[in-house]
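The structure under discussion appears below in the form of structure tokens.
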Amino acid sequence: MPDAGAILFDIGGVLLTNGWDHTERKRVFEHFAVDPQPYEQRHGPANDLWEKGLITAEEFLARTVFFEPRRFTPAEFLEQMKAQSQELPPGRGAMDTLRRLHAAGGVKLAAISNEARELTSHRIEHFHLGRYFETFFISCYLGLRKPDPRIFMVALDVLQLRPEETVFVDDRPENCAAAKSVGMRAIQFLDESQFNGELQPLVNL
């Protein structure tokens, strides 16, 4: 097999905490002392639209949280959502590996992630992800969400790489399976040591 010409990273669960998953939602609703169950019943359809960039954060929150009066504002709620984003600690996340790959050069680095625009903008700016990634294939920009194979095809077209020379890294097995379905190599991220071990034969770490 050819050496990797590009490594495409998922963000949440690989480099940072998830942007707005079960754990993050639980913390925010506890912060505001609100029962999360009415939200959870509304989450799925609204979140799909939000992560595809089809509705704004204000529209998303109006459908899922502010369908009744609250003691806090949408802006306050959104700030708490953003505050849940943290860099995963060494060993549990791959930021150190990403920094080494960037410093070494010789391989294209890009991100493929399912995230809403407002959270994406915060995460890219706050964690300086633009230093490392030359391209961001984010669901809110493309109108496609993993595990839809089309999001991987877009990345290959833009990067002008063959699937077999491209490695995708994600913590979710269904997303890795989707990348493999278009011919890409995929590594399911469990921890940094395991990831480095699987990546080592493909690039110079």
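Selection of segment 1-30 for residues being of a type in the set (D, E, K, R) and more than 15 Å from Tyr132 (Cβ to Cβ) yields Asp3, Asp21, Glu24, Arg25, Lys26, Arg27, Glu30.
Among the conditions (1) among the acidic types (Asp, Glu); (2) in contact (Cβ under 8 Å) with a residue 60 or more places away in the chain; (3) touching a strand residue (DSSP E or B) at 6+ places or on another chain (Cβ under 8 Å), the only one that Glu134 does not satisfy is (2). Among the residues in segment 45-54, are any touching a Phe, Trp or Tyr at 6+ places or on another chain (Cβ under 9 Å) and exposed (fewer than 12 other Cβ atoms within 10 Å of the Cβ)? Looking for residues that are touching a Phe, Trp or Tyr at 6+ places or on another chain (Cβ under 9 Å) and exposed (fewer than 12 other Cβ atoms within 10 Å of the Cβ), one finds none in segment 45-54, hence no.
Read-outs: derived from the displayed coordinates by stated rules, not from any lab. All of these numbers come straight from a predicted model, not from anything done at the bench. Don't worry about glycine lacking a Cβ; one is built from the backbone with ideal geometry, like all the others, and counts go over all protein chains shown.
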